[in-house]
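Taking it in order: structure first as structure tokens, then the write-up.
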Amino acid sequence: MSANTNLTRRELLKGILVIPASAALTNYSFAGVTKANFTTCALGHNDHGKTTLTAALVNVAANKNLVSYENVNAAKVNNINGIQFKASSVHYETAKRIYTHLDCPSHFDHIKNLIAGEKKIDGALLVVSLSDGTMPQTREHILLARKVGITKFIVFLNKKDLIAGNEFIQMEDEFIQMIEEEVQELLSEYDYSKDDVRIISGSALTALQEGATAASDIGTRSVQSLLNAMDEHFPDPIKNVDKLSKAKTLRTFSALVYILAKDEGGREAPFFKGYRPNFALPTLETELSGEVMLPAVVEMVMPGDNLQIKVELDTPMAVHSGQRFIMKEGTKTIGAGIITSLESV
Ligand SMILES: Nc1nc2c(ncn2[C@@H]2O[C@H](COP(=O)(O)OP(=O)(O)OP(=O)(O)O)[C@@H](O)[C@H]2O)c(=O)[nH]1
Ligand SMILES: [Mg+2]
């Protein structure tokens, strides 16, 4: 892990705050004051405004134009144990916390970041465009978030400028309420209750364009409301210590895995029932052999797939929910996973 903890507050709040996501942060301490760190990410369907919102959050939090859309969009390649994905990592400070915020350029980068990324996401921002409502990747990101243990969401209903004053949308408030209900319903399908979710509407693009000079309700003030909601609604992250104490020694667990595509250095061919890779856990010096158990409906797994599996290790091992691991064939990394539940044999 690289030592970005050396960044000073001035450096943080100054220029381009984009660093690779692998350069994970712990706590910043300046002038004797330590603020809690919180890791979040922008999820949501392609083109709904994740990158625009990411840039707007940095600028609104600092009340300065610190970062441009292009800065955030130029994501860097992260290589975590042989798993490569692109991500931008920006930071912004609120009254309560310093946020590390990840934004990925493509749907697959999001999947890999959620499953294999170095930083555990403490709470997620879900961007939904008011002009589209919920879309397939909105659902897929919520499903993944649930599986990797994200417990809280804040939804930003974006592109409100397209709704405001639109002659085809007569009843703006009713329209927004309808999309709110649609998002809430989708979240509840994955067991996120109303208490787990806050919904704010606005326009990330308007906020970004206003910069520090002007502030409107649908622009800068909506992004400020989002920052306030993050401070209020996201609970402080649970320390790893608590999780480790829940470790169990066992052979079988369920996991969400991403199988590397061929052009990412993964397998060339699919695998089937009975597949036996090695499992490397960061807590272990050695690798363990074991078997991948596929869901009944899945006959074959293609390179590039992500899916829920069960793992049956040959030797019992102390593992905990949320623990990440790598799947290998010899020295070759073929996949990455996160343990989603523990089941004793
Ligand atoms: N009118 C309007 N357009 C917006 C708003 N926010 C973003 N956009 C536009 O929507 C398009 C997509 O925005 P991005 O921020 O790149 O969306 P994204 O979710 O990061 O897209 P991907 O990373 O490709 O999935 C761009 O043309 C933005 O300028 C908004 O509030 N209003
Ligand atoms: Mg983007």
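Just so you know, all these numbers are worked out from the coordinates, no wet-lab data involved. Because the structure is a prediction, the values reported are computed rather than measured. Heads up, the Cβs are rebuilt from the backbone with ideal geometry, glycines too, and the neighbour counts pull from every protein chain shown.
Would you calculate a helix-derived [θ] at 222 nm for the chain, using -39,500 (n - 2.57) for each DSSP H run of n ≥ 4 and dividing by the full residue count, to the nearest 500?
Details: 10 runs with 93 residues, N = 345.
Value at 222 nm, helices only: -7500 deg cm²/dmol.
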>> Using a Cα-Cα cut-off of under 12 Å, which aspartates and glutamates could be cross-linked to Lys310, ignoring same-chain neighbours fewer than 8 residues away?
In response: Glu291, Glu343
>> Just to be sure I understand the model, the point goes 7 Å from the Cα along the line to the Cβ. What's the resulting Gln184 to Ala247 distance in nm?
In response: 4.2 nm
> Within straight cross-link reach of Lys160, meaning Cα distance under 20 Å, which aspartates and glutamates are found once same-chain residues fewer than 8 apart are removed?
Replying inline: Asp47, Asp132, Glu172, Asp173, Glu174, Glu180, Glu181, Glu182, Glu210, Asp217
> Using Cα pairs under 8 angstrom and six or more residues apart, how large is the relative contact order of the chain, in percent?
Replying inline: 16 percent
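Can you figure out the FRET efficiency of Asn166 with Tyr69, using R₀ = 22 Å and their beta-carbon distance, to the nearest 0.05? Could the numbers behind the result be given before it?
Values: r = 24 Å, r/R0 = 1.08.
So, using R0 = 22 Å, E works out to roughly 0.40.
Order these peptides, 282-293, 104-115, 51-62, 67-78, by their mean beta-carbon neighbour count within 10 angstrom, highest first. Write down the numbers at each step before the final one.
Numbers: 282-293: 14.1, 104-115: 21.1, 51-62: 25.8, 67-78: 17.4.
The most tightly packed comes first, giving 51-62, 104-115, 67-78, 282-293.
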> What residues have an amide H closer than 5 Å to that of Val155, excluding those fewer than 5 places away on the same chain, when H is modeled at 1.01 Å from N in the peptide plane?
Replying inline: Leu126, Arg198, Ile199, Ile200
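Would you mind giving the three semi-axes, in whole Å and largest first, of the ellipsoid equivalent to region 242-341 according to its Cα gyration tensor? Kindly include the intermediate steps, with their values, before the conclusion.
On the way: eigenvalues 96, 42, 29 Å².
Rounded to whole Å, the semi-axes are 22, 14, 12.
Of the listed pairs Lys76/Lys262; Lys35/Lys248; Lys86/Lys248; Lys50/Lys332, which have alpha-carbon separations greater than 30 Å here? Working shown, then result.
On the way: Lys76/Lys262 21 Å; Lys35/Lys248 32 Å; Lys86/Lys248 33 Å; Lys50/Lys332 33 Å.
Correct reply: Lys35/Lys248; Lys86/Lys248; Lys50/Lys332.
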>> Report the Cα-based extents of the chain along its three principal axes, largest first, to the nearest Å.
In response: 62, 50, 37
> Per-residue HN-Hα couplings for region 258-263, Karplus 6.51 cos²θ - 1.76 cosθ + 1.60 at θ = phi - 60°, whole Hz, x for Gly and Pro?
Replying inline: 10, 9, 4, 6, 4, 6
